[in-house]
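Reading through the structure tokens given below for one structure.
The values are calculated or read from the model by the stated rules, or taken from the named source; none is laboratory data. Quick caveat: nothing in here was measured; it's all calculated off a predicted structure. A quick note on method: Cβ atoms are made from the backbone with ideal geometry, for glycine too, and the neighbour counts reach across all protein chains shown.
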Amino acid sequence: MSPKEKIHYQFLEADKKKLIKELGKETLCAALQKMLLIRNFEIRAESAYLAGKVGGFFHSYIGQEAIQTGCVEALGLEHWYTTTYRCHALALLNGVEPNQIMAELYGKKTGNAQGRGGSMHLYADHLLGGFGIVGGHLPIATGAGFSLKYQDKKDLISICYMGDGAFVQGAVHESINLAALWDLPCLYVIENNQWGMGTAVNRAVCNQPIAENFSKGYGIKGYTIDGMDFFSCFHGFKTFCKEIIETKRPILVEALTERFKGHSVSDPGLYREKEALEEAKKKDPIIRFKHDLIDHKIITEEEYKLMDKEMKDIAVKSMEFAENSEDPDPLTLEEGVFAP
């Protein structure tokens, strides 16, 4: 079954036209800029990794930009966000400066976590972090939902992103079970990029579509959306957030997407046919968004190219910033460590 056949959340072309009119040029261009910044940042950061400037692991978000951009644009930054180790995009969307993120990747003192966290552990005021343990962040996101309910913050929710590979982990189901049992304001988002680490999702998850089928076991709503379409993501997340606030019940969402890179930089992706990858790239969320805006006379091709160049320049300058930043003092290594 193809991703196109599995999109069950109803978002029609008429809805897109209405949404474009409602959002207007300024908001739409800002969203496109953010997606282009994510793409350009990931490209330059990956090149730095391959040049030996970045250590540890590196997981690119290229191909998935519409999901988190659409969500943050729709919901804003007052909610709590929690995500996986593929966290550069969400940090950028939560207002962390590209310089700080690139410096963190380089392990520099000026980085987001003073060079201690690296690629997989980025934070912001309402970003609880990127987490390296597969599925291990679900209890944290669920705890954030419990905190919001306990403090009676009725207009806020906890948004948690996970991959399709994480969904089969025990902590995921324990967390969703508690959220359903306790009526917690949690939005769990499965970013199904089809491959987990390197195994096709239909060989790893027994029942699909994932959210629609598994949500029934917890007595909560489950939806499937097109994770390659900014407008579907924006409209969907806005709708789901409103439903969570009104019903005081969690929701499970599956955003169908495809990453254009291996699981990490070190993954050559030999399990994936080249033809299939090229076919996936034809659904590039940035190109789709660009064409939508051009078709509706929001921007021109020339404006798009200028925007892309501006975001590329920001990414390149962040590399220069990281290069010129100081390394952390080794004497500070144990500072902030709970149990050295």
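A compact table of results
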{"item": "Any hit, segment 223-246, residues being free of Cβ contacts under 8 Å to residues at least 40 places away in the same chain, buried (at least 21 other Cβ atoms within 10 Å of the Cβ) and within 20 Å of L184 (Cβ to Cβ)", "result": "no"}
{"item": "Evaluation of M102 against (1) assigned to a helix (DSSP H, G or I); (2) within 28 Å of C206 (Cα to Cα) (one fails), failing number", "result": "(2)"}
{"item": "Those residues of segment 294-313 which are closer than 21 Å to F260 by Cβ and either of a type in the set (A, V, I, L, M) or at pLDDT below 95 (or both), in sequence order", "result": "M307, M311"}
{"item": "Residue list for segment 65-84, restricted to those being in contact with a His (Cβ under 9 Å, 6 or more places away or on another chain), among the small types (G, A, S) and surrounded by fewer than 24 Cβ atoms within 10 Å (Cβ to Cβ)", "result": "A74"}
{"item": "Among (1) under 30 Å from P268 (Cα atoms); (2) touching a Gly at 6+ places or on another chain (Cβ under 7 Å); (3) modelled with pLDDT of 95 or more, the one test that G136 misses", "result": "(2)"}
{"item": "Sole exception among (1) in contact with a strand residue (DSSP E or B) (Cβ under 7 Å, 6 or more places away or on another chain); (2) assigned to a loop (DSSP other than H, G, I, E, B) for G145, by number", "result": "(2)"}
{"item": "Verdict on D308 being buried (at least 17 other Cβ atoms within 10 Å of the Cβ), in contact with a Leu (Cβ under 6 Å, 6 or more places away or on another chain) and under 20 Å from Q64 (Cβ atoms)", "result": "yes"}
{"item": "G24 on the phi > 0 side of the Ramachandran plot, modelled with pLDDT of 95 or more and either buried (at least 19 other Cβ atoms within 10 Å of the Cβ) or under 19 Å from the mean Cα position of the chain (by Cα) (or both)", "result": "no"}
{"item": "Test: residue in segment 280-288 that is part of a helix (DSSP H, G or I), modelled with pLDDT under 95 and surrounded by fewer than 20 Cβ atoms within 10 Å (Cβ to Cβ)", "result": "yes"}
{"item": "Residue count for segment 125-156, restricted to those that are under 27 Å from E42 (Cβ atoms), touching a residue at least 40 places away in the same chain (Cβ under 8 Å) and of a type outside the set (F, W, Y)", "result": "13"}
{"item": "Out of E65, E42, E73, E13, sole residue that is farther than 21 Å from D164 by Cβ and modelled with pLDDT of 95 or more", "result": "E73"}
{"item": "Selected residue (criterion: nearest to L331 (Cα to Cα)) from residues of segment 76-99 that are outside any loop (DSSP other than H, G, I, E, B) and touching a strand residue (DSSP E or B) at 6+ places or on another chain (Cβ under 7 Å)", "result": "A91"}
